1. Can you tell me which of (1) in a helix (DSSP H, G or I); (2) over 19 Å from the mean Cα position of the chain (by Cα); (3) at pLDDT below 85 is the one A56 doesn't meet?
2. With respect to the numbered conditions (1) closer than 14 Å to F9 by Cβ; (2) modelled with pLDDT under 95; (3) surrounded by 13 or more Cβ atoms within 10 Å (Cβ to Cβ); (4) of a type outside the set (S, T, N, Q), which one is the sole condition not fulfilled by V41?
3. Quickly run through the stretch 93-112 and pick out the residues that are part of a loop (DSSP other than H, G, I, E, B) and more than 28 Å from A22 (Cβ to Cβ).
4. Would you mention how many residues in the stretch 5-29 are closer than 13 Å to I77 by Cβ and either in contact with a strand residue (DSSP E or B) (Cβ under 9 Å, 6 or more places away or on another chain) or free of Cβ contacts under 8 Å to residues at least 12 places away in the same chain (or both)?
5. Need pairs with beta-carbon distance below 8 Å; first residue closer than 17 Å to S18 by Cβ and within the stretch 68-89, second at pLDDT 95 or above and of a type in the set (F, W, Y); sequence gap 6+ or separate chains.
6. Please work out which one of (1) loosely packed, with under 12 Cβ neighbours inside 10 Å; (2) β-branched (V, I, T); (3) in contact with a Cys (Cβ under 7 Å, 6 or more places away or on another chain) is the condition I92 fails and give its number.
7. Please specify each residue of the stretch 76-93 satisfying the condition of being of a type outside the set (G, A, S) and either over 21 Å from the mean Cα position of the chain (by Cα) or over 11 Å from V6 (Cα atoms) (or both).
8. If I filter the stretch 3-26 for residues that are over 30 Å from V94 (Cα atoms), modelled with pLDDT under 90 and surrounded by 13 or more Cβ atoms within 10 Å (Cβ to Cβ), do I get at least one hit?
Amino acid sequence: MDATQVERFRLRLLELQSELQAQEQATQEDSRPIELDQARVGRLSRMDAMQAQEMAQETARRRTRQLVEVDGALRRIESGDYGHCFSCGEEIDVRRLEVDPAITRCIKCARD
């Protein structure tokens, strides 16, 4: 992989990182505790609110995991290890990195 490709992936990863951080800030409101006052909110409304809260928390967990993966890819770019499989050390196909620039394994090792 040449330097221009690595730079393109670096810019894409930085953009993805910014998007994920913006989403995280925008959705913090959805993770607030559910009010259990039965006089103000009906049982079904509370159940809907609890389900929405669980979905928001799962989305936040996934976003956090994706941020960790993006940070790792950016560190690998800085260290010069970007684009190499963690398992076998071979270069990861650029087409695979186009799909997910934070990927850590080549297709062969991902299948195993």
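1. The failed condition is (2).
2. If we test V41 against (1) closer than 14 Å to F9 by Cβ; (2) modelled with pLDDT under 95; (3) surrounded by 13 or more Cβ atoms within 10 Å (Cβ to Cβ); (4) of a type outside the set (S, T, N, Q), just (1) comes out false.
3. Result: D93, R105, C106, D112.
4. 3
5. From residues that are closer than 17 Å to S18 by Cβ, the pairs are A73/F9; A73/Y82; I77/F9.
6. With (1) loosely packed, with under 12 Cβ neighbours inside 10 Å; (2) β-branched (V, I, T); (3) in contact with a Cys (Cβ under 7 Å, 6 or more places away or on another chain) applied to I92, the lone miss is (1).
7. In the first step, residues of the stretch 76-93 are kept if they are of a type outside the set (G, A, S); the result is 76-78, 81-82, 84-86, 88, 90-93.
The answer is H84, C85, F86, C88, E90, E91, I92, D93.
8. no
The values are calculated or read from the model by the stated rules, or taken from the named source; none is laboratory data. Treat the numbers as computed from the prediction; the structure is a model and nothing was measured. All Cβ positions, glycine included, derive from the backbone under ideal geometry; neighbour counts span all protein chains shown.
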